[in-house]
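The values are calculated or read from the model by the stated rules, or taken from the named source; none is laboratory data. Predicted model only: the values in this text are computed from it and were never measured. Every residue, glycine among them, receives a Cβ derived from its backbone with ideal geometry; neighbour counts consider all protein chains shown. Accessible surface is based on the protein model in full, side chains and every heavy atom, while ligands, DNA and RNA are left aside. Shrake-Rupley method; radii C 1.70, N 1.55, O 1.52, S 1.80 Å.
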Amino acid sequence: MKNPISIDAIASISPLGSSAEEIWNNYLQDSHHFSRRTTTEKSWWAGELSEYLNNELLELQQEDSRYRHLDRSVLMAILTGRKLKNELGFNNRNSGLNIGSSRGATELFEKYHKEFVETGKASTYSSPTTTLGNISSWIAQDLQLEGPEFSHSITCSTGMHSILNAIAWLESGMRDNFIAGGSEAPLTGFTLAQMDAMKIYAQSDDEYPCKSLNMEKQKNSMILSEAAGLLSLSKNPSEKSQAIIRGIGYANEELKHGASLSREGFCLQKSMKMAIKDASEEIDAIVMHAPGTIGGDLAEVNAVKAIFGDDQPAITSNKWKTGHSFATSGILNIQMAILMIQHQQFITVPFSKFQKKPRQLKNILVNSVGFGGNAVSLLISAN
């Protein structure tokens, strides 16, 4: 990176809530935010939005007839964009916009495909509302942004890649502000069945069904959740900045199979090294991707050991509490890091052997990785 990037504001909606106060209070509790969801005659653990957030989405659909045809992932992003605007207190129409989604309009895809199979005809809305790029188009329109605006998909690290894209635009001088993030609404029958087919989905009814960073677990325990998260970024850090991005890292690794991630987490090793290469101060903590799968958790822990040796920073994760929201998961990790820095309190995973707490919380490394070994690491520091 040429210069530090300011995180001017961050907003999210997730099973943890929507306001910073609500989200932080939920982090302080040793309880998860999962419920049982039944689809196609099967019950799944899922991280669902609260009733009040669902009501806000319903009100959003009702305020404009065009919104009735939008996918849930798009509606969630619009709502989050409005919360970001309210937090900033202004609307910079010259801001760029990049919102990613791993799965895109999953709910509408399934709905329209079912109709096509049954009738042999496709709905007029099936193409425009399931095109991935429309997620940023609608948010740009709602916030009255003049662009550029675009969407993309790079598996579970999509949201963090949005930030990389935004930083590239800021450092080029082509924009002074950029909004970046992700939105995901994957709690549909087919998406849940896909994870189940890979034998990575949580099945137990234990106190903590997602065992992220429990290195003794005998079964995979990933749980999907819905969430949207956006950051407002600028190249001019000020006293109003919530946090600073001081380092970025990105990498991939050789594909052995479709969900490839090496046992040693080589891509994560590369991304973390790149993110901290110019750091002159100690890394106090790492917010891990740690999806709750045996292989995924082990690969990331091995990568941390390879980089830091015996002097490892404190590590934590939030997926045991809020689930895996694909593209948005990295944004929620960043928000967790910022909240811990602001409150100077480290949140551990209650059942994990990793209970080390840092002396201070000034520099936190945040990881995200997806199928195919697409890793991103960001060094987040106090302003």
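Using Cα centres only, tell me the gap between the range 117-185 and the range 323-383 in whole Å.
About 24 Å separates the Cα centre of the range 117-185 from the one of the range 323-383.
Cα extents of the range 240-383 along the three principal axes, largest first, in whole Å?
Over the range 240-383, Cα extents along the principal axes are 44, 33, 31 Å.
Please compare each pair in 217/356; 85/357; 211/362; 111/270; 235/277; 85/362 to a cut-off of 29 Å on the Cα-Cα distance and tell me which ones are over it.
85/357; 111/270
Are there trypsin sites (Lys or Arg not before Pro) in the range 195-257 that DSSP puts in a loop and that have at most 15 other Cβ atoms within 10 Å, and which ones?
Those satisfying the criteria are 199, 219, 240, 256.
So, counting K/R as plus one and D/E as minus one, what does the shell of residues with Cβ under 15 Å around residue 171 add up to?
Value of the local net charge: +2.
What value, in deg cm²/dmol to 500, does the helix sum -39500 (n - 2.57) over DSSP H runs of n ≥ 4 give at 222 nm once divided by the residues of the chain?
Helix-only estimate at 222 nm: -11000 deg cm²/dmol.
Would you work out if the range 25-145 is rounded, prolate or oblate? Take a ≥ b ≥ c from the square roots of the eigenvalues of the alpha-carbon gyration tensor; rounded if a/c is under 1.5, else prolate when a/b is larger than b/c, oblate otherwise.
Oblate, because a/c is 1.5 or more while a/b does not exceed b/c.
Given a 1.4 angstrom probe, what's the average accessible area per residue across the chain, in square angstrom?
That works out to 41 Å² for each residue.
What list of ³J(HN,Hα) values in whole Hz, one per residue of the range 276-281 in order, does the Karplus curve 6.51 cos²θ - 1.76 cosθ + 1.60 (θ = phi - 60°) give from phi, with Gly and Pro shown as x?
Calculated HN-Hα couplings, in order: 9, 4, 9, 6, 9, 10 Hz.
Once phi is turned into ³J(HN,Hα) by the Karplus curve 6.51 cos²θ - 1.76 cosθ + 1.60 with θ = phi - 60°, what whole-Hz value does each residue of the range 310-320 show in order, with x for glycine and proline?
7, 9, 7, x, 5, 10, 8, 7, 10, 6, 5
How about the range 17-58: which GluC sites (Glu not before Pro) there are in a DSSP loop, with at most 15 other Cβ atoms within 10 Å of their Cβ?
41
How long are the three semi-axes of the equivalent ellipsoid for the range 47-107, computed from the Cα gyration tensor as the root of 5 times each eigenvalue, in whole Å, largest first?
Largest first, the range 47-107 gives 20, 15, 13 Å.
Report, to the nearest whole %, how much of the accessible area of the range 223-263 belongs to carbon and sulfur atoms, 1.4 Å probe, protein only.
46
Which trypsin sites (Lys or Arg not before Pro) from the range 1-62 combine a DSSP loop assignment with at most 14 other Cβ atoms within 10 Å?
Here the trypsin sites (Lys or Arg not before Pro) that fit, given the DSSP loop and packing criteria, are 2.
With +1 on each Lys and Arg Cβ and -1 on each Asp and Glu Cβ, and nothing else charged, work out how big the dipole of the range 152-247 is about its Cα centre, in Debye to the nearest 20.
320
If you roll a 1.4 angstrom probe over the protein chains with everything in place, what fraction of the accessible area of the range 1-103 belongs to carbon and sulfur, to the nearest %?
Reported share for carbon and sulfur atoms: 42 percent.
Can you give me the relative contact order of the chain as a percent, contacts being Cα pairs under 8 Å and 6 or more apart?
Result for the chain is 23 percent.
When the accessible area of the range 112-164 is computed with all protein chains present and a 1.4 Å probe, what percentage of it is carbon and sulfur?
55
Find out how many positive minus negative residues lie around residue 382, taking Lys and Arg as positive, Asp and Glu as negative, among other residues whose Cβ is under 11 Å from that of residue 382.
Overall, the nearby charge balance is 0.
When every alpha-carbon pair in the range 308-358 is counted, what percent end up more than 14 Å apart?
58
Could you work out the per residue convex hull volume over the alpha carbons of the chain, in cubic angstrom?
Hull volume over Cα atoms, normalised by residue count, gives 136 Å³.
Cβ under 10 Å from residue 96's Cβ, residue 96 left aside: what net charge do those residues give with Lys, Arg +1 and Asp, Glu -1?
Within the 10 Å Cβ shell, the charges total -2.
Of all DSSP beta bridges in the chain, what percent run antiparallel (nearest 5)?
The antiparallel proportion sits near 70 percent.
Relative contact order of the range 30-144: what whole-number percent is it, with Cα pairs under 8 angstrom and at least 6 residues apart?
Dividing the mean separation by the residue count of the range 30-144 yields 25 percent.
Give the shape of the range 256-322 as rounded, prolate or oblate, defined through the alpha-carbon gyration tensor: a ≥ b ≥ c are the square roots of its eigenvalues, a/c under 1.5 means rounded, and otherwise the shape is prolate if a/b is larger than b/c and oblate if not.
oblate
Whole-Hz ³J(HN,Hα) for each residue in the range 187-204, computed from phi via Karplus 6.51 cos²θ - 1.76 cosθ + 1.60 with θ = phi - 60°, x for glycine and proline: what do you get?
Result, rounded to whole Hz: 7, 10, x, 5, 5, 4, 5, 4, 5, 5, 5, 7, 6, 10, 8, 5, 10, 6.
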